[in-house]
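A.B. asks: Sharing a structure, written as structure tokens. Questions coming.
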Amino acid sequence: MLIFEDIAPIKEYLFPLKSINQRIGFIPTMGALHKGHLSLIDASRSENEITVCSIYINPTQFNNKADLQNYPRVLQHDIKMLQDAGCDILFAPDDQVMYKEKAIIDLKFGPLESLMEGKYRNGHFNGVGLIICKLFHIINPNTAYFGQKDLQQFIIIRQLIKDLAFDVNLCCLPIVREPDGLAMSSRNARLNKDDRKISGIFYKALNLARIFLLEHNNIEKTEQQVKNLFEKYPAIHLEYFEVRDSETLEPVNNIENHQQISLFIAGYIGDIRLIDNIYLFS
Ligand code: PAF
């Protein structure tokens, strides 16, 4: 696997390959890789001649300094995982490379970001949008692969490439889960033993809500079911549970009026924030 840390050399390497129609699949990450990321690498390898992964902990998308400082950093371990997974190229820049000068642009995503992650993490999607634009300009991929765990992020990036006319296909792949249902996430590595034991509750809550909502078609009562469940777990702080249209993220009042609905959840165990979602009909 080739490793690039700077922009010019990776662009010089990829440009001629792209011009002879070698397809480039791209997986942007912040490292601390897990099986969820590996499923994206696998998908890219099966659809493209070249698979590029980036590892960069993007400071502009963190609204919480401690979260940025505590984000797991295990580059050597990640490199080994990528080599074993057959990734061709790793782009691993540092802050000097990605933000030589402070960016002053401010990306707004209107109704797509005034809720859920955007509401609770002020400025988060500006940072995500900014880094994705930069990475797409550098890598110029044919297809970029993302995980469904960050479904709101995926929808926002889809809007971004549409609005800014990026010539990139997007692919959203299913969440990979631990045996107890916990969605794989880089932040899971920070859970202590006791917290890890109860962290499967997020997925349990989503499934309970799904069954209840399909039976009763009553959003308020479904929300109450979820709240009741979390009351039994004082170590967990439920931040939000929301029922939204999977495409537009509009709130859902009646499940019969939407073709695709997702249930979203977020909360804290200690200082570790976890998010998850499932589709209602599947
Ligand atoms: O999902 C992530 O890991 C990050 O938000 C991303 C897309 C790599 C941008 O920094």
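Derivation of every value follows stated rules applied to the coordinates shown; laboratory data play no part. None of the values given here were measured: they were computed from a predicted structure. Backbone-built Cβ (ideal geometry, glycine too); neighbour counts: all protein chains shown.
A.B. asks: Pulled fully out, how much extra length does the chain show between LYS232 and GLU12, if you take 0.36 nm times their separation in residues and subtract their Cα-Cα distance?
C.D. replies: Values: separation 220, 0.36 × 220 = 79.20 nm, distance 5.60 nm.
The LYS232-GLU12 span can extend by a further 73.6 nm.
A.B. asks: Now for a different question. Between ASP88 and residues 5 or more places away or on another chain, which pairs have amide H atoms under 5 Å apart, with H built 1.01 Å from N, and which residues are they?
C.D. replies: It is THR51, by chain and number.
A.B. asks: Additional query: Using only Cα atoms, find the angle between the long axis of helix 35-47 and the longest principal axis of the chain, and express it within 0 to 90 degrees, rounded to the nearest 10.
C.D. replies: 50
A.B. asks: Let me ask something else. Which value, in debye to the nearest 20, gives the size of the charge dipole of the chain about its Cα centre, when Lys and Arg are +1 and Asp and Glu are -1 at the Cβ?
C.D. replies: Dipole of the chain, to the nearest 20 debye: 400 debye.
A.B. asks: Could I ask something else about it? For the Cα atoms of the chain, what angle does the longest principal axis make with the long axis of helix 201-216, in degrees from 0 to 90, nearest 10?
C.D. replies: For helix 201-216, the angle is close to 60 degrees.
A.B. asks: Which value, to two decimals, describes the C-alpha radius of gyration of the chain once divided by 2.2 N^0.38 Å? Walk me through the numbers before you get to the answer.
C.D. replies: Numbers: Rg = 19.2 Å, N = 282, 2.2 N^0.38 = 18.8 Å.
Computed over Cα atoms of the chain, the ratio equals 1.02.
A.B. asks: Arrange the following residues from fewest to most other Cβ atoms within 10 Å of their Cβ: ASP276, ASP167.
C.D. replies: Ordered from fewest to most neighbouring Cβ atoms within 10 Å, ASP276, ASP167 come out as ASP167, ASP276.
A.B. asks: So, one more: ASN257 versus LYS193, label points 7 Å from Cα toward the beta carbon: distance in nm?
C.D. replies: Label-label distance for ASN257 and LYS193, simple model: 5.1 nm.
A.B. asks: Can you sort HIS77, HIS34 so the residue with the fewest Cβ neighbours within 10 Å comes first?
C.D. replies: Exposure proxy ranking, most exposed first: HIS77, HIS34.
A.B. asks: Once both axes come from the Cα atoms, what is the angle between helix 7-19 and the longest principal axis of the chain, in degrees from 0 to 90, rounded to 10?
C.D. replies: Between helix and principal axis, roughly 90 degrees.
A.B. asks: A further question on this structure: Quick check: pseudo-label points 7 Å beyond the Cα along Cα→Cβ at ASP67 and LYS102, how many nm apart are they?
C.D. replies: According to this spin-label approximation, the distance is 2.1 nm.
A.B. asks: A further question on this structure: Roughly what would the spin-label model give for GLU5 and TYR240, points 7 Å off Cα along C-beta, in nm?
C.D. replies: 3.9
A.B. asks: Once the mean 1/r over all distinct Cα pairs of the range 1-157 is inverted, what Kirkwood radius in angstroms do you read off?
C.D. replies: After inverting the mean inverse Cα-Cα distance, the result is 16.2 Å.
A.B. asks: Could you work out the relative contact order of the chain? I mean the mean sequence separation of Cα pairs under 8 Å and 6+ apart, divided by the number of residues, in percent.
C.D. replies: Relative contact order here is 17 percent.
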